[in-house]
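The values are calculated or read from the model by the stated rules, or taken from the named source; none is laboratory data. Keep in mind that this is a model prediction, so the values were computed, not measured. FYI the Cβ positions are ideal-geometry reconstructions off the backbone, even for glycines, and counts take in every protein chain you see.
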Amino acid sequence: MDITAKYVTIGILVFNFANFGKTSVKIWKGDHDIHSPSNWVGGKAKNSCDGLDLTENDNADILIDNLSVKQIILPHDAILSLIEGAYIELNEQSTDVMNCARIKHLIEMHIWSEPEAWIIQDDDENVAIPHWERIPCKYDDVVYPKGYKSALSFVWTNVELNSFKFGEDYLKQEDLKNDENLNRLFLTFPIEEVIHITGKTCTDPTGCVCSNEFNYDVPCAYVNDTIYLNCLNPIMPIGFCTEMCGASIELKPKSNFKLANIRKSLKHYSSDTYASKVLDGSREIIQIIFSEKQFSGTSLDEAKDYYSRLLADTSLGVEDVEIYSSGPYFVEGKVTSNSLSLVFGTLCGVVIVFAIIFLVYSPQFATLNLRNRFAYNSRPLSSFRSNLFARYDNSENTGLILEHQSMAGSVLSLDKSFDNPMYGRSTPSTASTSYDTIGTLEEKNTKSEISLNNPMYDINNLDETVQEATEGDLVDLTGKEE
């Protein structure tokens, strides 16, 4: 090998690695390597090691490199392709692990513009990266780690790349010509007319717009838009195909603005962050995304903090700063439960209000004495009924009053009431029960001249007088003797 050519090759490799350090690296996920356990049924070897089993791959195009097995169990209809220089050996004595492999269906094909088909090196778990920027941009480095054993991909429009690593090799534009395996892999012919390896990197300190000739709707056609969002009023920043929880800051860069300084200042936040230059219509702006893998609202607080910093720190070289935030965190089940509780509580409140209004304006309400019903410290005068007891009242013009009657509404008329003869008189003590005391009391009672007037006595005598009178006689109802 010519020594000059050797150093040129080393120089190309160094150049590519240097570019990889400055640009974003997008790695193709698709893997059709039959030697990889991820492509075996169940992800593991089968129990019987009687040969390579391809029966799951009807109508598939399977690429095979060096292989030594007892036998190959073929599907009903499939295409087996050999990489240039590869071989297949059928050996009854083979102990290769591929004798224990049953290959799952490998007909899967991905579209180049499918965001989920790519891994972003060192940043793949970052949910703040827009869908549009997950596919290769014109200044990115593209890697097909499995080379020819990668999954089929379809490129339907022109794309530009900084570099293209295929397997262990870095391809140049001329390497794409007349390569049947590449044309087969990309389902495009000729491949050199759609993929352009330019070797160009972004040299603008304010950043470069990630773009290729894809229609904006194409990447979004392959994004799952049925994801659950646990925030109110989600937003959809530029480059996203679905709404998200979090915040977006948009700003206009000044002449002293550097995108690298913004990205460095974002590293101390716990939320996923991403800053890039995007197109807002025809206007280039800087967009900064704050998001979380499991949204809790932290990204909203951190975005507000960084927004305040952008306004205060003139060294960052920004102007026209605006922030767009989703609503706060919520759990759908709890919100539904709270809504139902609120509706039910409101309905109960309305029913109670109408019941009170009906009660107040009903005729029965006028006869109720609510004060007496709820008076616990005084005896009710009229509403509490007890027909078993009566009391005496010695006040003027008042006689026997039943407990359930008021003073004004006594069942006895004033004319038929009588005074309590014992009211105001002393009552003999009963503390002692000796015979002397009893005898003294009897003696006093014998000598007492007290007489008790029974008002009912005259009434009974009057009734007897009326009964004794004969028809036509005049009866004196006054009860007085002439």
_If a residue counts only when it is over 30 Å from Ser276 (Cβ atoms) and not assigned by TED's automatic domain parsing to the domain that holds Ser150, which strands (runs of 3 or more DSSP E) contained entirely in region 25-133 have at least 1 such residues?_
61-64, 67-69, 79-82, 88-90
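Results for (1) aromatic (Phe, Trp, Tyr); (2) buried (at least 16 other Cβ atoms within 10 Å of the Cβ); (3) closer than 22 Å to Leu185 by Cβ; (4) in contact with a His (Cβ under 7 Å, 6 or more places away or on another chain), shown as yes or no for each residue.
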position: Ala45; (1), (2), (3), (4): no, yes, no, no
position: Ser48; (1), (2), (3), (4): no, no, no, no
position: Asn57; (1), (2), (3), (4): no, yes, yes, yes
position: Ile62; (1), (2), (3), (4): no, yes, yes, no
position: Gln71; (1), (2), (3), (4): no, no, no, no
position: Asp77; (1), (2), (3), (4): no, no, yes, no
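If only one of Leu176, Leu171, Leu152 is without any contact (Cβ under 8 Å) to a residue 24 or more places away in the chain and on the phi < 0 side of the Ramachandran plot, which one is it?
Working: Leu171 fails: without any contact (Cβ under 8 Å) to a residue 24 or more places away in the chain; Leu152 fails: without any contact (Cβ under 8 Å) to a residue 24 or more places away in the chain.
Of the residues listed, the single one that is without any contact (Cβ under 8 Å) to a residue 24 or more places away in the chain and on the phi < 0 side of the Ramachandran plot is Leu176.
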*Return the total of residues in region 217-256 being at positive phi and modelled with pLDDT under 95.*
2
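Here is a yes/no grid of residues against (1) more than 46 Å from the chain's Cα centre (by Cα); (2) at pLDDT below 85; (3) under 22 Å from Leu152 (Cβ atoms):
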residue	(1), (2), (3)
Lys22	no, yes, no
Ile34	no, no, yes
Pro37	no, no, yes
Gly42	no, no, no
Cys49	yes, no, no
Ala60	no, yes, yes
Val69	yes, no, no
Tyr87	yes, no, no
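Criterion first (among the basic types (Lys, Arg), touching a strand residue (DSSP E or B) at 6+ places or on another chain (Cβ under 9 Å), within 21 Å of Thr201 (Cα to Cα) and surrounded by 15 or more Cβ atoms within 10 Å (Cβ to Cβ)) does Lys149 satisfy it? Break it down into steps so the answer makes sense when it comes.
Details: among the basic types (Lys, Arg): yes; touching a strand residue (DSSP E or B) at 6+ places or on another chain (Cβ under 9 Å): yes; within 21 Å of Thr201 (Cα to Cα): no; surrounded by 15 or more Cβ atoms within 10 Å (Cβ to Cβ): yes.
So Lys149 fails the test.
Yes or no: Leu171 aliphatic (A, V, I, L, M) and either exposed (fewer than 12 other Cβ atoms within 10 Å of the Cβ) or not assigned by TED's automatic domain parsing to the domain that holds Thr298 (or both)?
Yes: the conditions hold for Leu171.
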*Return yes when Ile103 is surrounded by fewer than 19 Cβ atoms within 10 Å (Cβ to Cβ) and either touching a strand residue (DSSP E or B) at 6+ places or on another chain (Cβ under 7 Å) or modelled with pLDDT of 90 or more (or both) and no when it is not.*
no
_Looking at (1) over 28 Å from the mean Cα position of the chain (by Cα); (2) more than 30 Å from Thr226 (Cβ to Cβ), which one does His268 not meet, given that it meets all the others?_
(1)
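Condition check: of a type in the set (Gly, Ala, Ser), surrounded by 14 or more Cβ atoms within 10 Å (Cβ to Cβ) and outside the structural domain of Ser211 (by TED's automatic domain parsing). Does Ala312 satisfy that? Reasoning before the result, please.
Details: of a type in the set (Gly, Ala, Ser): yes; surrounded by 14 or more Cβ atoms within 10 Å (Cβ to Cβ): no; outside the structural domain of Ser211 (by TED's automatic domain parsing): yes.
Against the criterion (of a type in the set (Gly, Ala, Ser), surrounded by 14 or more Cβ atoms within 10 Å (Cβ to Cβ) and outside the structural domain of Ser211 (by TED's automatic domain parsing)), Ala312 does not qualify.
Which of the residues spanning region 260-294 are of a type in the set (A, V, I, L, M, F, W, C) and under 15 Å from Tyr306 (Cβ atoms)? Reasoning before the result, please.
Residues of region 260-294 that are of a type in the set (A, V, I, L, M, F, W, C), as a first pass: 260, 262, 266, 275, 278-279, 285-286, 288-290.
Answer for region 260-294, where residues must be of a type in the set (A, V, I, L, M, F, W, C) and under 15 Å from Tyr306 (Cβ atoms): Ile262, Leu266, Ala275, Ile286, Ile288, Ile289, Phe290.
Return yes or no: is Leu251 touching a residue at least 60 places away in the same chain (Cβ under 8 Å), within 17 Å of Cys208 (Cβ to Cβ) and outside the structural domain of Asn212 (by TED's automatic domain parsing)? Steps first, answer last, please.
Working: touching a residue at least 60 places away in the same chain (Cβ under 8 Å): yes; within 17 Å of Cys208 (Cβ to Cβ): yes; outside the structural domain of Asn212 (by TED's automatic domain parsing): yes.
Criteria met by Leu251.
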*Among all residue pairs at least 6 apart or on different chains, which show Cβ distances below 8 Å where the first residue, located in region 49-63, is on the phi > 0 side of the Ramachandran plot and the second is of a type in the set (Asp, Glu) and assigned to a loop (DSSP other than H, G, I, E, B)?*
Asn59/Asp77
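How many residues, within region 160-170, are assigned to a strand (DSSP E or B), closer than 23 Å to Cys208 by Cβ and not aromatic (Phe, Trp, Tyr)? If you could, list the steps in order and put the result at the bottom.
Within region 160-170, the first condition is being assigned to a strand (DSSP E or B), and the residues that meet it are 160-161, 163-166, 169-170.
From what is left, the residues that are closer than 23 Å to Cys208 by Cβ are 160-161, 163-165, 170.
Checking the rest, the ones that are also not aromatic (Phe, Trp, Tyr) come to 160-161, 163, 165.
Qualifying residue count, region 160-170: 4.
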*asked:* Checking Asp124 against (1) closer than 30 Å to Gly246 by Cβ; (2) in contact (Cβ under 8 Å) with a residue 40 or more places away in the chain; (3) not small (Gly, Ala, Ser), only one condition comes out false. Which one?
replied: (2)
